[in-house]
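Worksheet: the structure to be examined is printed underneath.
The values are calculated or read from the model by the stated rules, or taken from the named source; none is laboratory data. Model, not experiment: these values are computed from the prediction. Positions of Cβ are generated from backbone atoms using ideal geometry, with glycine treated the same way; all protein chains shown enter the neighbour counts. Heavy atoms of the whole protein, side chains included, go into the accessibility calculation; ligands, DNA and RNA do not. Shrake-Rupley method; radii C 1.70, N 1.55, O 1.52, S 1.80 Å.
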Amino acid sequence: MSDIDYAKLKFKSGLEIHQQLDTHKLFCDCPSILRNDEPDFLVERKLHAVAGESGEIDKAAEYQASLKKTFVYQGYKNSTCLIELDEEPPHEINKEALKIALQIALLLNCKIIPLTQIMRKTVIDGSNTSGFQRTVLIAREGYVETDFGKVGIETICLEEDAARKVKVEGDKVYWNLDRLGIPLIEIATAPDIKSAEQAKEVALHIGDVLRSCKVKRGIGTIRQDINISILNGNRIEMKGVQDMKTFIKTIENEVLRQEKLFNEKKPTKAEVRNSLPDGTSEFLRPMPGADRMYPETDLPLLKISRDFINEIKKDLPKLRSEIAGELKEKGLSEEMIKLILSEDKIEELKSFVDIYPNINFTAKMIILFPKEIATKENKSLKNIEEKIVEYYGDILRLLNKKKISEGDVKDILINLIKGKSFEEAIKIEKVDNSEIEGEILKLIKEKPGLNANAYMGLVMGKFKGKINGKEAMEIINKLVNKK
């Protein structure tokens with residue numbers, strides 16, 4: 001624990017979390033996929049700062065315009081449309097993305113806004129072909145309960161993600177349009193956070209809510225920023241604080257940086273800083289203001305009906321923490337719970353447990369066996385899973401009817417990988433228990449003094465999948481203890 005006195009420093013903090021949703025793009029039907037192949041075409045543009053709704057030009061936009069960059073956009077014939085190129089008006093907002101965003105809002109105890117205006121947010125760093133990002137406020141006034149007190153959720157917005165920066169060559173910045181327009185939910189907490197530890201608890205809870213809904217997973221799909229101020233100074237926005245291992249350290253370092261400036265009687269400038277892997281930060285750009293927002297003129301007001309909200313409330317997903325508790329009650333080990341949750345195999349496990357009640361074995365079959373087989377056969381995990389997943393239910397039904405044993409399952413899966421039909425794969429050649437017992441007695445005589453596990457390894461190597469491991473170990477224990 002740090003010795004920083006957060007209360008004395010009048011520490012104030014809030015989080016901004018941006019998470020991609022797992023649907024097609026927000027204002028067109030293009031797929032939300034990232035591509036690594038060569039683009040089919042390039043479009044070159046320059047962007048200029050314009051006045052916002054207040055009639056003023058935003059400072060951040062003015063700063064970006066002063067850099068006088070040329071932007072080159074990479075696109076694809078079959079996954080980039082005129083909307084992404086800002087040559088066609090946006091289509092109606094993606095209803096699936098809206099539903100997911102509303103689920104998240106309700107899980108964070110927010111009030112849904114029934115009639116709202118889609119806005120344009122001026123962004124001229126090149127990350128949007130239009131010079132603005134479309135965003136819509138859908139909910140507000142929620143909260144998260146923590147061990148340190150309640151933290152408010154000020155706003156939840158649904159917006160389009162930016163283009164993906166590829167490279168910089170002199171005054172030219174290259175962007176790929178594959179990411180532009182992917183639905184992005186933005187969650188902003190109130191500045192109620194009073195310590196680094198509380199900030200981490202809030203971030204973890206919001207992360208639990210997000211992963212309980214249909215969101216994208218993996219590097220780059222979530223971005224987390226922290227706003228920090230002390231001693232009534234200016235707010236600093238820390239960009240890209242994703243790594244929970246350095247989360248608290250990053251906040252502490254920023255507090256110490258601001259405290260040093262205060263003690264030196266240097267005012268803290270309102271700015272955006274980039275967090276670095278070692279927990280320190282560097283200047284990124286001036287702090288943007290409200291001057292960059294103005295209404296989207298190509299789309300009508302967004303109406304969210306009471307019936308639509310009630311429909312979503314009936315089918316709210318459970319939090320992963322709740323699911324973990326339920327799985328534990330059913331007897332699943334802590335290790336397997338972590339694996340099931342991390343690999344999003346919850347629904348798959350639930351459906352299979354209804355067929356075969358041994359939840360730990362079923363989890364092992366769908367999580368561990370494919371990995372072990374992929375390693376043994378030197379094949380990709382994805383390729384292995386594609387070949388065997390359709391047979392899981394049939395295998396578990398045979399287990400339930402006691403027509404095969406748990407010890408047979410991995411060998412059956414290997415047979416399927418090798419191209420055998422299901423009927424051929426389940427024909428496991430068996431060895432009679434008397435033959436197993438004879439072999440064990442022979443091993444004990446030839447190699448006396450070994451422990452049960454050592455004999456087990458020798459026996460399994462001898463019969464190569466033709467025996468039940470559990471039954472073999474019972475025989476070994478009986479004979480070793482008898483001796």
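All of 346, 230 fail the test of being buried (at least 16 other Cβ atoms within 10 Å of the Cβ), under 30 Å from residue 194 (Cβ atoms) and of a type outside the set (Ser, Thr, Tyr), apart from 230. Of all residues in region 266-281, which are touching a residue at least 24 places away in the same chain (Cβ under 8 Å) and part of a loop (DSSP other than H, G, I, E, B)? Of everything in region 266-281, those that are touching a residue at least 24 places away in the same chain (Cβ under 8 Å) and part of a loop (DSSP other than H, G, I, E, B) turn out to be 267, 268, 269, 270, 277, 278, 279, 280.
Number of residues in region 163-173 that are surrounded by fewer than 20 Cβ atoms within 10 Å (Cβ to Cβ) and not in a strand (DSSP E or B): the value is 2. For region 378-393, the candidate set comprises residues that are within 11 Å of residue 416 (Cβ to Cβ) and surrounded by 13 or more Cβ atoms within 10 Å (Cβ to Cβ); within that set, the residue that is farthest from the chain's Cα centre (by Cα) is 391. Filtering 178, 243 for residues that are assigned to a loop (DSSP other than H, G, I, E, B) and either free of Cβ contacts under 8 Å to residues at least 12 places away in the same chain or under 30 Å from residue 120 (Cβ atoms) (or both) leaves a single hit, 178.
As a summary of the residue check, residue 243 satisfies the conditions (1) at pLDDT below 95; (2) buried (at least 18 other Cβ atoms within 10 Å of the Cβ) except for the one numbered (2). For region 143-155, the candidate set comprises residues that are within 30 Å of residue 179 (Cβ to Cβ) and within 22 Å of the chain's Cα centre (by Cα); within that set, the residue that is surrounded by the fewest Cβ atoms within 10 Å (Cβ to Cβ) is 155.
I'm trying to understand the selection: among the residues of region 21-39, which are open to solvent by less than 20 Å² (accessible area, probe 1.4 Å) and either of a type in the set (Asp, Glu) or not in a loop (DSSP other than H, G, I, E, B) (or both)? Matches in region 21-39: 21 only. Taken together, the criteria place residue 184 among residues that are in contact with a His (Cβ under 9 Å, 6 or more places away or on another chain), in contact (Cβ under 8 Å) with a residue 60 or more places away in the chain and crowded, with 17+ Cβ neighbours inside 10 Å.
Counting the residues of region 181-223 that are within 12 Å of the chain's Cα centre (by Cα), assigned to a strand (DSSP E or B) and not aliphatic (A, V, I, L, M) gives 1. In region 321-338, the residues that are more than 18 Å from residue 368 (Cβ to Cβ) and aliphatic (A, V, I, L, M) reach residues that are surrounded by 14 or more Cβ atoms within 10 Å (Cβ to Cβ) and at pLDDT below 90 with C-beta atoms within less than 9 angstrom, at least six apart or across chains, in these pairs: 323/341; 323/346; 324/341.
Residue 78 falls short on exactly one of the conditions (1) within 30 Å of residue 150 (Cβ to Cβ); (2) without any contact (Cβ under 8 Å) to a residue 40 or more places away in the chain, and that condition is (1).
Among the residues of region 129-140, are any in contact with a His (Cβ under 8 Å, 6 or more places away or on another chain), closer than 28 Å to residue 46 by Cα and either aliphatic (A, V, I, L, M) or surrounded by 20 or more Cβ atoms within 10 Å (Cβ to Cβ) (or both)? Looking through region 129-140, at least one residue is in contact with a His (Cβ under 8 Å, 6 or more places away or on another chain), closer than 28 Å to residue 46 by Cα and either aliphatic (A, V, I, L, M) or surrounded by 20 or more Cβ atoms within 10 Å (Cβ to Cβ) (or both). Among the criteria (1) surrounded by fewer than 19 Cβ atoms within 10 Å (Cβ to Cβ); (2) under 27 Å from the mean Cα position of the chain (by Cα); (3) assigned to a loop (DSSP other than H, G, I, E, B); (4) modelled with pLDDT of 95 or more, the one residue 18 does not fulfil is (3). Between 357, 370, the distinction of being open to solvent by less than 40 Å² (accessible area, probe 1.4 Å) and not basic (Lys, Arg) belongs to 370 only.
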